[in-house]
Structure formats: structure tokens, C-alpha cells
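The values are calculated or read from the model by the stated rules, or taken from the named source; none is laboratory data. As the structure is a prediction and not an experimental result, all values here were calculated from the model. Neighbour counts run over all protein chains shown; Cβ positions are idealised from the backbone, glycine included. Side chains included, ligands, DNA and RNA excluded: accessible areas come from the protein's heavy atoms. Shrake-Rupley method; radii C 1.70, N 1.55, O 1.52, S 1.80 Å.
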Amino acid sequence: MKKNLLLRLCLMMSVVLTLSSCTNEDFYSSSENHSKQEIISKSLWKEDTLFTKRIYDHFQKSFMSTEADQHKFVSEHGTPVWEYTMTMGFRRNQLFVPLIQNNTVIGVMRVQRQDKKAFYSFTKDDEALAFFDVVMYNRNHDKLQPQKDEKLNENIFSKGGGYTWSCTKRSIISGSYMNGDEMVLVNTIVDVCKYSYTGGKPYVDHLDVYTDGMEGGGGGDESEEEEEEYEGSPCDKITTIGKNSKTKALFKKLKEKTNLNTEHGYILNQTGNTNTINETAIEGPAGKAGISYNVNAAIDGVIHSHYQGLLPVFSAADMFAFAQLYKNGYIKDSETFVMGVVTASGTQYMMVIDDPSKFAVFADNLYSGNTFDQSAIDTYELIYSWYKISADNTTDNNEMGFYNYLEANKTGLKILKGDDEFSNWKLIKKDVNGNIISEDCP
């Protein structure tokens with residue numbers, strides 16, 4: 001299936017207006033008590049909300065301190081909608097704020113942090129406006145599928161100096177149409193770049209507004225957050241629930257039901273600090289893929305079956321269900337929680353949360369809010385096809401495709417596969433040469 005990039009939205013914009021070019025106030029100062037408005041992000045991506053709040057406070061103080069200032073800004077540029085601010089992966093460095101008038105996006109404000117100064121620039125580029133318009137006002141907003149950001153960095157040197165640039169490509173599936181028998185995805189894309197100069201006079205491009213001394217590192221009062229380390233290995237995380245003798249017996253029961261035309265499953269709950277696991281049986285509709293968990297309290301795991309004709313790995317619906325359990329607080333312990341599947345193809349897998357921070361971002365990006373509908377899953381299955389995950393493919397190729405999907409989308413999840421008796425489990429991983437292998441759990 002091919003993708004048709006109908007709208008390529010590049011924020012190298014053709015019309016740039018400046019508002020004081022930069023303001024010199026320290027926008028990290030904690031001595032000033034600016035607006036206390038809480039900004040609830042409605043972005044479909046994971047944004048740096050702390051940076052957004054600090055820029056918002058600085059903006060309010062600098063440009064909106066009086067009614068006259070507010071009227072002047074809105075009349076010239078439109079009303080900034082901070083809830084849809086996008087940091088585009090430029091952590092604590094720059095952000096983009098849509099500007100609206102009469103429920104129409106009429107401009108985009110870019111703010112770049114340099115040391116303790118904020119630099120503002122504006123554009124009315126048609127394609128940039130279209131990107132934010134899709135994100136904010138698309139009638140089928142719940143069906144929009146945000147895609148993984150792509151990063152690109154490069155160093156370019158020339159006589160008298162050089163520069164480095166880093167770019168983020170952000171895209172969203174906003175719809176589809178049929179071209180004969182083929183479904184074509186409609187993607188909306190935006191590219192944004194940051195430049196740093198190592199010599200000579202800075203070049204002023206369409207979007208980026210530079211002043212002398214602006215080039216260089218970011219600075220600021222905050223230190224970078226250290227990456228959290230997670231002690232438990234994926235093999236360790238299946239010990240308590242996944243390798244429990246009761247779970248093993250339930251897996252075997254499910255295997256016997258894969259010849260039926262209904263998905264079956266069990267919700268797993270551990271009793272206190274004991275090794276006792278209690279199960280709640282669940283069943284999907286006959287002849288239809290899918291199964292509902294219907295939980296109202298935190299659980300320790302869930303396992304289920306796929307009958308003949310369904311995927312030999314976890315489905316798109318399984319990924320949405322996993323994310324929903326997490327977002328609604330129904331995962332009791334991310335260090336021991338397991339999601340399992342046994343299939344009519346003779347495969348059996350468990351997934352565990354290897355990196356809770358990554359999984360939280362993935363779950364937030366998978367769908368907005370705490371609920372989803374079947375149309376969201378149907379659209380997401382198109383993404384599965386990009387990784388060659390299909391009931392028509394071989395089990396080995398599906399396993400490889402699913403592993404690549406988990407890694408490429410930074411899900412924070414790891415997958416393990418078991419033997420026919422559910423006694424021995426192997427972690428699916430890549431070796432030093434990039435080959436996908438299975439490594440025995442101790």
C-alpha cells in the first residue's frame with residue numbers, strides 16, 4: 001500500500017513579521033508572579049508542557065500586560081491558542097503556537113529560546129496554516145492518527161564558517177480515499193528546522209529571525225533531566241505473573257480454544273503478596289475479532305486467544321487495549337504486568353512494559369483522551385501493513401514485523417515468545433549485527 005503525501009507543509013515560511021525580534025527579560029525568573037492560567041495540552045503528540053508554560057508566562061508579561069496590548073496583538077496577529085502549542089521535539093528550545101480568528105487559523109507564531117531570551121517570529125504561510133487547521137478543526141478529529149516524528153541532523157561547512165541544522169518531520173494521517181481497488185492515505189506533514197552557525201554572519205531564512213550573538217547553545221537555568229534507568233529486565237518482569245503456574249495452566253486452556261471462532265481470555269489478579277492468581281474469564285463476539293476487558297480496578301495482567309484467520313501476533317486492537325488500561329490506571333504494577341496471546345498459528349507471546357516513560361508517551365500519542373472507537377483501530381491497521389503484519393504473512397515475518405513496529409514507534413514494550421508448553425520463554429531482540437534473534441530467559 002502506498003502513501004500519498006497530499007499536503008507537504010514546510011515551516012520554512014515565506015512571510016515573516018517580527019514583534020520586537022527578541023525580548024531580553026529572563027523568562028525563567030521565578031520572582032515574577034505572572035498569569036496562573038493552566039494550559040491543558042490538546043496536541044496529539046507529546047509536547048514539552050513545562051517549556052510551553054514558561055514561554056506563555058513570558059509572552060503574557062511582555063505583550064499582553066494591558067488591555068491595549070492585548071487588543072493590538074490580537075488585531076495584528078490573531079488570538080494565540082496555547083493548548084495546541086507544538087514543541088516539535090525541540091526540547092526547551094522552540095515552539096509553535098497557532099493564531100486564530102473567527103475559528104480559522106490565520107497565522108503561526110514561532111518562539112525560540114536563546115539563553116534567557118525569547119525570540120518571536122510570525123508567518124501566514126498557507127501550508128503551515130493548513131497543518132494546524134487539520135489538527136484543530138478536522139471534523140473526524142478522533143480518527144486522526146499522529147505519526148512518529150522523524151529526526152534529521154546535518155553539519156555543513158563552507159569558507160568562513162559553517163552551520164549545523166536539525167529538523168523534525170511531523171505527520172498525521174487525516175483521511176483516506178479509494179483509487180480503484182487501492183486505499184490511499186492522506187498525510188499532512190510539517191517540517192521544522194533549527195540552525196546553529198559556527199562562523200560568519202548568520203543567514204536570515206524565511207522563518208528564523210536571528211540577531212548578533214544569538215547563535216550557539218541553548219543555556220537556561222534548568223539542567224537536563226537524567227534518563228531514568230529501569231532495573232528489571234523483560235525476562236524478570238514475566239516471573240511473578242507470566243510464569244506463574246496458574247497463568248501457565250490458563251494459557252493451555254486458551255490454546256485449546258483457538259479452534260473456535262471466538263476470542264477467549266482471562267483477566268489476572270494476584271492475591272496480596274501471595275503467589276495465588278485469580279482469573280476472570282472473558283469472551284468476544286462469535287465470528288468477530290476482538291474482546292472486551294471491562295475492568296473497573298487495577299489488574300495484574302490479561303491473556304487471550306486468536307482463532308484461525310486472525311494475526312499470529314498482537315493485533316492493533318490489542319495495542320489500543322494495552323494503552324487504554326495504562327491511561328485509565330488499570331495496570332497495577334508496570335514492573336510485573338503482562339499481556340499475553342496464544343494463537344491458532346501455534347504462537348504464544350507476552351508483552352511487558354520495559355520503559356514506562358516511553359510507553360506513557362506512546363499511549364498518549366496512540367489516541368487522544370481515554371477512549372477510542374473501532375474506526376481508530378481500523379485506521380491504525382494501515383500502519384500495521386507498513387510493517388508487513390498480516391494474517392496472510394508467515395509467522396516468522398509477522399514476528400519480525402511486529403518487533404520492528406514496537407522498536408520503530410518507541411513503544412517502551414518488549415515481546416517474549418514461549419514454547420508449546422508455556423514453560424520456556426525467549427526475549428526477542430536484535431544482536432550486535434542488527435539481526436532479530438530470540439534469547440533464552442534464565
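A few notes on this one:
- Any hit, segment 344-356, residues being farther than 30 Å from Ala249 by Cα, within 15 Å of the chain's Cα centre (by Cα) and touching a residue at least 40 places away in the same chain (Cβ under 8 Å): no
- Residues of segment 253-275 that turn out to be in contact with a strand residue (DSSP E or B) (Cβ under 7 Å, 6 or more places away or on another chain) and either open to solvent by 70 Å² or more (accessible area, probe 1.4 Å) or under 14 Å from Val338 (Cβ atoms) (or both), as a count: 7
- Selection of segment 308-361 for residues being touching a Lys or Arg at 6+ places or on another chain (Cβ under 9 Å) and basic (Lys, Arg) yields only Lys358.
- From the list Asp236, Asp212, the one residue that fits, being at pLDDT below 95, open to solvent by 50 Å² or more (accessible area, probe 1.4 Å) and assigned to a helix (DSSP H, G or I), is Asp236.
- Residue match in segment 133-143 (condition: modelled with pLDDT of 80 or more and surrounded by 21 or more Cβ atoms within 10 Å (Cβ to Cβ)): yes
- Gly369 in a loop (DSSP other than H, G, I, E, B), open to solvent by 10 Å² or more (accessible area, probe 1.4 Å) and within 26 Å of Ser171 (Cβ to Cβ): yes
- With respect to the conditions (1) farther than 30 Å from Asn259 by Cα; (2) crowded, with 18+ Cβ neighbours inside 10 Å; (3) of a type in the set (S, T, N, Q), Asn398 lacks only one, and its number is (1).
- Applying a threshold of 6 Å to beta carbon distances and a minimum spacing of six or more residues, or different chains, the list of pairs starting in segment 361-375 at a residue that is within 12 Å of Tyr326 (Cα to Cα) and ending at one that is of a type in the set (D, E, K, R) reads Val361/Lys46; Ala363/Lys327; Asp364/Lys46; Asn370/Lys327.
- Filtering segment 333-360 to residues that are open to solvent by 50 Å² or more (accessible area, probe 1.4 Å) and assigned to a helix (DSSP H, G or I) leaves Ser357, Lys358.
- Which listed residue is under 25 Å from Ala360 (Cα atoms) and of a type outside the set (Ser, Thr, Tyr), from Ile437, Ile389: Ile389
- Residues of segment 294-332 that turn out to be part of a loop (DSSP other than H, G, I, E, B), more than 23 Å from the chain's Cα centre (by Cα) and more than 28 Å from Lys388 (Cβ to Cβ), as a count: 6
- Verdict on Ala281 being exposed (fewer than 14 other Cβ atoms within 10 Å of the Cβ) and part of a strand (DSSP E or B): yes
- Considering segment 414-442, the residues that are among the basic types (Lys, Arg) and surrounded by 13 or more Cβ atoms within 10 Å (Cβ to Cβ) include one that is nearest to Glu335 (Cα to Cα), namely Lys414.
- Selected residue (only one of Thr379, Thr411 is buried (at least 18 other Cβ atoms within 10 Å of the Cβ), of a type in the set (Ser, Thr, Tyr) and in contact with a Phe, Trp or Tyr (Cβ under 7 Å, 6 or more places away or on another chain)): Thr411
- Here Ser14 fits the description: of a type in the set (S, T, N, Q) and either open to solvent by 50 Å² or more (accessible area, probe 1.4 Å) or modelled with pLDDT under 50 (or both).
- The residues of segment 239-264 that are out of contact with any Ser or Thr (no Cβ under 9 Å at 6 or more places or on another chain), over 13 Å from Glu421 (Cα atoms) and touching a residue at least 60 places away in the same chain (Cβ under 8 Å) amount to a single one, Asn259.
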